[in-house]
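Quick notes on the structure that follows.
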Amino acid sequence: MLRKTVFAEALSSSCMLRGADAARRSLMDRPSRLLLVVLFVSLTLPAWGRGTPEEGWQKVTGEEVWRHEFDLSEKTPGTHNLIVRARDRAGNEAVAGPYNVRVDPAVGLPTVRIVYPDRGAVLREGIGLIGVASGRAGVASVEVWINDQTPETADGTEYWAHTVPVHNLPDGAHTLHARAVDGLGNHGPTTRLPIVLDRHPPVVEIGSHRSGELVSGNVTIQGRASDENGIAALELSTDGGISYQPLPTRTARGKTDVTFSFSVQSRREPDGATIYHVKAIDGTGSETVHPVLLFVDNQPPELELFTPLENETVHGTVRFTGRVHDTVGISRLYYEWNQQEHEVRLRPGDPYWTADIDLSAERSRAASLRFTAEDRSGNRSTVTRRIRIDPAEALLGVSIQYPEPGAFSALSAGSAIYGLVIGHAEPDVVVVEGAAEGEYPARPGFRIPVSDLAPGRGELRIRARSLDGAIGDSVRVRVVRLTDDDEAGNTAGSSIIVQTPRPYQYVGTQFRLVGTLVQQGAARANTRRLEYRLDPTDAWRSLPLQGDSFSADVRLSAAHDGAVHLELRTTNDGRSDATVYVPINSAQKAPEINVLVPRPGDTINGLVTVVGAVCSQAPITELSYSLDGTEFRQLQAQSSCDGDAFAFTVDFTALEETGGRLQLRAVDAAGNTRTVSPSVRVDRRA
């Protein structure tokens, strides 16, 4: 510490410096001449100089005119008293004082004052300081710093300015420091100025929901607001920012952020966008308004089930077809079966769906399947479909077409039993037991020669078996085969070889009958007659011969639509050879193409599923579709109760842009062809 001195000069004999603030005494006049001057310096409580011990007084140099120097370097800062006592040669004394002497270590050091900013000012941009400085030895420089950072030299001396960088400073309370340095290198006292930095407004974050999230029902919005200067208030507006209400907050001790929550009763809001506003105000008055955008969706999805129909009898694998739609999008579609949930695959933007469900193992006669669609907001729609399950529907049945029931009691050996296998499975044979034993082709018509039956009375049991080995219920017929049969000796082996049609071939409304006769001697050849019939109830018709060959077009009437029991024989002098049986199938109608979806009234766009069925008398040999009317693409079809079911996707928007058109084509085994073009409405905005 520098040595601090004080000089006192007076026309007196003695003096003293004494530490007291309140005591004062008037100078006592003494008539005698001053001879001795004594000084006293005291740091005690106020007291009169007269009560000061003698050793506490200091002698000065000189008498009438005197001078004395005090060392104040060890004195505590504050106010002290100077008392002067004079004594003449006669011993008379006079005391003057006390005189206030203020001890300040900073006296003489340079000083600095910050003019701008004000104490406690809130600064939002940056920190620019302006100030003044002075010193007895002049001002060499001014040093400025913030908090505990390294001091920097300001621009100017007596009048100075400085900018404190704040890019690394957080918002909140800070302290500015400034001090002056004089020409002797002495640092003056530090001036401290508290300020508040608030460059950033409060931050509001919503943690429970994303912006624009879909909501339904009663939901709770949760979030937090933070600011380095603390959150002074939080408010909520539900009317678009017109008015605000206080929003309760929660905060942890020592934290500057707060948490909040508020409820949204979306059932009271119209569907669509709704906006709430959260206003946060920090400790400096800076505010932030944070919009909370939500999409209200209280409408459940539109869920439809087209097939199968209510209480429809089904079996095996059943294709369920329907439509689902929602303005905000479907998140899930599933059905419940046997206490389990099964997902249904959806295609983005495609409202139609299919689900193939295997019911072959189901033993109950009736069942209910519940389909549920859930949209992105959590709204649900449910459709329940009751169906009847009949495993017997998958089995083939037998229908006897000929002879009439009364004729079974007198069957001649040259006759036959004709029938038809009915059902949805593909037939293979009929299994015959009882009066006859064996298997006879059935596709779907069949013929059992009476000659294969045992003579006399008996029971005939006939069952149909499909290609997959499933056997249906039997048809029982009581028969009597005549034992005294005059015709039995009149028939001979057949000489007919039929080239076309092939057995069980599918034909349309006509077919070409082509074949040859085996030569059996010139005599008989000249008198032979070739005959045919299309049904055991038809009369025999003559068929022209060209030598040993025959070829003719045979037309079929509507009565022959279905299984045709074509038979041929030769006769000679009233005697007939054995009958040649060539079963064929007549399919006189083109296949039916039934497009289930899209329906004619539906508006669609983009990639859409096309679902339908093909019903036909004859097996389908081709099922295809075309988008340009030229190139047809083969479709995979599966057998169903309604025909051959199909499902595929088409980009109808792209199809409309190219000017194309969807065409479906089905060709059956008889050569019948059906082509349809579904009528659809494409709207790119849908």
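The values are calculated or read from the model by the stated rules, or taken from the named source; none is laboratory data. Remember, it's a predicted structure, so these values are computed and weren't measured experimentally. Positions of Cβ are generated from backbone atoms using ideal geometry, with glycine treated the same way; all protein chains shown enter the neighbour counts. In case anyone asks, the SASA skips ligands and DNA or RNA and just uses the protein heavy atoms, side chains included. Shrake-Rupley method; radii C 1.70, N 1.55, O 1.52, S 1.80 Å.
Within region 430-439, work out how many residues are buried (at least 18 other Cβ atoms within 10 Å of the Cβ) and at pLDDT 95 or above.
Adding up the residues that qualify gives 3.
I'm checking my understanding of the structure. Among residues of region 655-686 that are assigned to a strand (DSSP E or B) and modelled with pLDDT under 90, which one is nearest to residue 617 (Cα to Cα)?
Going through the qualifying residues, I end up with 681.
Quick one: count up the residues across region 36-70 that are modelled with pLDDT under 55 and open to solvent by 20 Å² or more (accessible area, probe 1.4 Å). Show your work before the answer.
Taking region 36-70 first, the residues modelled with pLDDT under 55 are 36-37, 40-49.
Restricting the remaining residues to those that are open to solvent by 20 Å² or more (accessible area, probe 1.4 Å) gives 36, 41, 43-48.
Matching residues across region 36-70 total 8.
Determine which member of the set 355, 366, 361 is in contact with a Lys or Arg (Cβ under 6 Å, 6 or more places away or on another chain) and under 20 Å from residue 389 (Cβ atoms).
Details: 355 fails: in contact with a Lys or Arg (Cβ under 6 Å, 6 or more places away or on another chain); 361 fails: in contact with a Lys or Arg (Cβ under 6 Å, 6 or more places away or on another chain).
It is 366.
In region 227-253, which residues are in a loop (DSSP other than H, G, I, E, B) and either among the small types (Gly, Ala, Ser) or touching a helix residue (DSSP H, G or I) at 6+ places or on another chain (Cβ under 8 Å) (or both)?
Looking only at region 227-253, we keep the residues that are in a loop (DSSP other than H, G, I, E, B), and these are 227-230, 238-244, 247-249, 251-253.
Passing the criteria: 230, 240, 241, 243, 252.
Return yes when residue 97 is in a loop (DSSP other than H, G, I, E, B), of a type outside the set (A, V, I, L, M) and over 60 Å from the mean Cα position of the chain (by Cα) and no when it is not.
Values: in a loop (DSSP other than H, G, I, E, B): no; of a type outside the set (A, V, I, L, M): yes; over 60 Å from the mean Cα position of the chain (by Cα): yes.
Taking the combined requirement at face value, the residue does not satisfy it.
Please verify whether residue 557 is of a type in the set (Ser, Thr, Tyr), open to solvent by 20 Å² or more (accessible area, probe 1.4 Å) and over 20 Å from residue 422 (Cβ atoms), treating the condition exactly as stated.
When the stated conditions are applied, residue 557 passes them.
Please specify each residue of region 71-94 satisfying the condition of being part of a loop (DSSP other than H, G, I, E, B), out of contact with any Ser or Thr (no Cβ under 6 Å at 6 or more places or on another chain) and loosely packed, with under 15 Cβ neighbours inside 10 Å.
Hits for region 71-94 are 73, 74, 76, 77, 89, 91.
Being surrounded by 15 or more Cβ atoms within 10 Å (Cβ to Cβ) and among the charged types (D, E, K, R) is the filter here; which residues of region 303-325 pass it?
304, 319, 323
Conditions first: (1) part of a loop (DSSP other than H, G, I, E, B); (2) under 23 Å from residue 276 (Cβ atoms); (3) not basic (Lys, Arg). Residue 214 passes all but one, so which condition is the exception?
Only one criterion is unmet by residue 214, namely (1).
Within 30 Å of residue 326 (Cβ to Cβ), touching a residue at least 40 places away in the same chain (Cβ under 8 Å) and surrounded by 15 or more Cβ atoms within 10 Å (Cβ to Cβ): is that true of residue 221 in this structure?
When the stated conditions are applied, residue 221 passes them.
Could you tell me whether any residue of region 268-280 is open to solvent by less than 60 Å² (accessible area, probe 1.4 Å) and hydrophobic (A, V, I, L, M, F, W, C)?
yes
Of the residues 439, 459, only one is closer than 18 Å to residue 403 by Cα and of a type in the set (Asp, Glu); which?
459
Taking region 251-263 on its own, how many of its residues are at pLDDT 90 or above and either closer than 30 Å to residue 375 by Cα or not β-branched (Val, Ile, Thr) (or both)?
The total comes to 4.
State which residue is farthest from residue 463 (Cα to Cα) when the search covers only region 379-393 and only residues that are open to solvent by 40 Å² or more (accessible area, probe 1.4 Å) and under 37 Å from the mean Cα position of the chain (by Cα). Reasoning before the result, please.
Within region 379-393, the first condition is being open to solvent by 40 Å² or more (accessible area, probe 1.4 Å), and the residues that meet it are 380, 382, 384, 386, 388, 391-393.
Subsequent filtering for residues that are under 37 Å from the mean Cα position of the chain (by Cα) retains 380, 382, 384, 386, 388.
Numbers: 380: 49, 382: 43, 384: 37, 386: 32, 388: 25 Å.
Restricting to residues being open to solvent by 40 Å² or more (accessible area, probe 1.4 Å) and under 37 Å from the mean Cα position of the chain (by Cα), the top hit is 380.
Given 369, 396, 411, which one is in contact (Cβ under 8 Å) with a residue 24 or more places away in the chain, touching a helix residue (DSSP H, G or I) at 6+ places or on another chain (Cβ under 6 Å) and either buried (at least 20 other Cβ atoms within 10 Å of the Cβ) or not aliphatic (A, V, I, L, M) (or both)?
411
Looking at the structure I just gave you, is residue 146 buried (at least 17 other Cβ atoms within 10 Å of the Cβ), of a type outside the set (Ser, Thr, Tyr) and more than 27 Å from residue 108 (Cα to Cα)?
no
How many residues, within region 543-553, are under 17 Å from residue 516 (Cβ atoms) and either open to solvent by less than 50 Å² (accessible area, probe 1.4 Å) or assigned to a strand (DSSP E or B) (or both)?
Qualifying residue count for the region: 6.
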